[in-house]
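Report on one structure; see the data block that follows.
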Amino acid sequence: MGRDNSPKIRQKRQLERKQGRRASYDRILIVSEGSKTESNYFEEIRSTFRLHTANVVVRPSELGTAPIQVVHYAKQLFLEGDRHRNIQRLAFEKVFAVFDRDDHESYSNALRVAESLDGKLRNDNKQLIRFHAVPSIPSFELWLLLHFENVSTEIDRHEVLRRLKKHIPEYEKGNKGTFKRTSEHLRSAFSRAEKLGQYNSAYTHPKPYTAVGNLVKLLVGLRT
């Protein structure tokens, strides 16, 4: 009788219950460069729109903050899972690696590796998964700034932060509540990010660019 209530058996039952509550939409894994800023933001979106924790998993990179380390950790977490956090291996249809251009030397390599993984890995349903880099030039805060104003010319991360604080004076990296503070301007941010994408890309550094809007639009579209 004791074995039936062992920690391993309880954990297995918890996983089975979690799978049973899974929603019908794609399972999404988001791995971020920052340990708090980006992960807090995406967790807030997940919570705001009541997206199932079994379908949307957000984790900071545990291999380091360099872009290539973010991509490698996203691949590792997909392939191996994390039993301590009840993340099963191969349990996603889409994987996103979120990172900044900033001054990272591995940025271009990270883009290439992410592209090489897209459509090459299979999940637990034997489906080929989508694996996407979600870069920002120069930084994630560019996406937040686009909620309030246009950015069309080269800009460094310090200037992005300075201008963002004109709109959100209390903003600090790692703060919670950022999505709530910016969500009323979400439509404007989508429009401005899309316009930037017509002229710039992840490869046109130092010109400003962010793909964060694409991921946010996907998540918002899943709301029930």
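Taking residue 180 as the anchor, which aspartates and glutamates have their alpha carbon closer than 18 Å to its alpha carbon, excluding any fewer than eight residues away along the same chain? Hits, sequence-local ones excluded: 38, 43, 44, 141, 149, 170, 172.
Applying a DSSP loop filter and a limit of 14 other Cβ atoms within 10 Å to the GluC sites (Glu not before Pro) in segment 82-162 leaves 105, 149, 154. Distance between the pseudo-spin-label points of residue 156 and residue 186 (7 Å out from Cα toward the beta carbon): 3.4 nm.
In angstrom, the C-alpha Rg and Dmax of segment 39-82 are 11.7, 31. Beyond 23 Å, the tail of the calculated P(r) for segment 26-220 holds 40 percent of the Cα pairs. In the structure displayed, which of 36/176; 75/120; 195/217; 75/126; 75/176; 94/126 lie more than 18 Å apart, Cα to Cα? From the list (36/176; 75/120; 195/217; 75/126; 75/176; 94/126), the Cα-Cα distance tops 18 Å for 75/176. Quick one: helix 186-199 against the long Cα principal axis of the chain, what's the angle to the nearest 10°, folded into 0 to 90? Around 70 degrees separate the two axes. Note on the chain: helix-only mean residue ellipticity at 222 nm, from DSSP H runs of 4+ residues weighted -39500 (n - 2.57) and normalised by residue number, equals -12500 deg cm²/dmol. For segment 25-54, the list of trypsin sites (Lys or Arg not before Pro) that fall in a loop by DSSP and count at most 12 other C-beta atoms within 10 angstrom reads 50. Mind checking the full-extension length gain between residue 35 and residue 76? Use 0.36 nm per residue of separation minus the Cα-Cα distance, one decimal, nm. The span from residue 35 to residue 76 would gain 13.0 nm if fully extended. Simple rule: put +1 on each Lys or Arg Cβ and -1 on each Asp or Glu Cβ in the chain, find the dipole, and look at 125, 155, 183; the Cα lying farthest toward the positive end is 125.
Only the coordinates and a few stated rules stand behind these numbers; no lab work does. Predicted, not measured: the structure shown is a model, and the values here were computed from it. Here Cβ is always computed from backbone atoms with ideal geometry, including for glycine, and neighbour counts include all displayed protein chains.
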